[in-house]
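The values are calculated or read from the model by the stated rules, or taken from the named source; none is laboratory data. Given the structure is predicted, the values throughout are model-derived calculations rather than measurements. Neighbour counts are summed over all protein chains in view; Cβ atoms, including those assigned to glycine, are modelled from backbone coordinates with ideal geometry.
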Amino acid sequence: MINKISFQDKEYVPGIKIQDFAPRGRVSRIKGKTTNRVHHLLSDLETNVFYLLDFEEKITDIKEHYPLLDLHEVVDDLSDIKLDKFKNKKTGEEYTFTTTFVITLKGNGEEKYVALSVRNETELYRDLLIEKLEIERRYWGKKEIRWSIITNKDIPMTKVNNIKWLYLGDIDIKYEEEAYIKEVIANKITYNKCAMKEILDNVDRELSLPIGTALVIFKRMIISNEIIVDLYSPINIDISAEKFTVNYQGVRKNVL
């Protein structure tokens with residue numbers, strides 16, 4: 001009997017882990033803010049896509065390297081594809097097909113799933129990969145789940161780099177009076193035109209906080225949409241605070 005994986009499974013284990021194969025590039029283990037679990041990412045491109053997904057508010061779950069364990073039950077005809085190419089030469093066992101990401105989206109009170117295959121654009125001309133992608137396309141089509149290919153050409157790198165910077169240094173510490181510190185930062189942004197870095201340094205000093213605390217909380221405010229920034233432009237804390245917009249509705253919601 002084929003073990004079917006539930007989309008809602010909170011103990012999800014990816015079909016491919018970093019230790020399963022010798023990596024051909026840089027690999028990453030990243031604890032997701034969306035899922036609160038460690039994700040196994042096998043390339044810089046996968047990592048960049050992951051950051052974009054993990055930052056998206058409407059996405060409530062991310063499963064990387066989703067195994068298509070019920071492939072032969074779902075897709076009844078693969079006779080035109082030479083599956084021998086996808087078998088272990090020593091054992092004759094068929095490799096488990098995977099899709100890079102399966103995400104859960106919530107909107108209008110409904111949940112829906114999207115499958116994403118992440119590939120470098122230069123790979124798309126390889127016959128073996130074309131056949132693998134065709135198998136994925138048929139599988140998700142039968143499941144009536146939207147499936148898309150994402151390449152390196154689709155990645156807004158400025159936004160990715162901003163998200164990486166926002167995540168950097170946040171080590172899940174809950175600061176005492178964090179809500180109050182957020183209000184202080186918000187008010188200083190509203191009524192000051194000096195550099196954002198100067199404001200954050202002043203908050204640390206005035207509230208007797210460890211150096212860098214205000215910066216961490218400032219980043220959290222951007223992540224939680226309490227401070228509005230254009231993520232498609234580099235975030236620069238050396239510029240005037242008037243370039244940052246406070247979403248007071250978001251600040252007050254998180255205080256209450």
- line: If we keep only residues of the stretch 171-209 that are farther than 17 Å from Gln249 by Cα and small (Gly, Ala, Ser), then the residue surrounded by the fewest Cβ atoms within 10 Å (Cβ to Cβ) is Ser208
message: Considering only residues that are touching a Gly at 6+ places or on another chain (Cβ under 7 Å) and among the polar types (S, T, N, Q), which ones fall in the stretch 191-229?
response: Ser224, Asn225
- request: Hey, can you tell me all the residues within the stretch 210-226 that are surrounded by 18 or more Cβ atoms within 10 Å (Cβ to Cβ) and not in a helix (DSSP H, G or I)?
  value: Glu226
- prompt: Which residue out of Asp54, Asp9, Asp44 is modelled with pLDDT under 90 and not aromatic (Phe, Trp, Tyr)?
  reply: Asp9
field: the stretch 138-170, subset touching a strand residue (DSSP E or B) at 6+ places or on another chain (Cβ under 6 Å) and farther than 19 Å from Val49 by Cα, residue surrounded by the fewest Cβ atoms within 10 Å (Cβ to Cβ)
entry: Ile145
task: Look through Thr190, Thr100, Thr91, Thr122 and report the one residue that is part of a loop (DSSP other than H, G, I, E, B) and either outside the structural domain of His40 (by the TED database) or more than 18 Å from Lys219 (Cβ to Cβ) (or both).
output: Thr91
- prompt: What strands (runs of 3 or more DSSP E) lie completely within the stretch 28-79 and have 1 or more residues being among the small types (Gly, Ala, Ser)?
  reply: 28-31
query: Of the residues Ile149, Ile181, which single one is over 25 Å from the mean Cα position of the chain (by Cα) and not polar (S, T, N, Q)?
result: Ile181
message: Name the single residue that is surrounded by the most Cβ atoms within 10 Å (Cβ to Cβ) among those in the stretch 18-27 being aliphatic (A, V, I, L, M) and part of a loop (DSSP other than H, G, I, E, B).
response: Val27
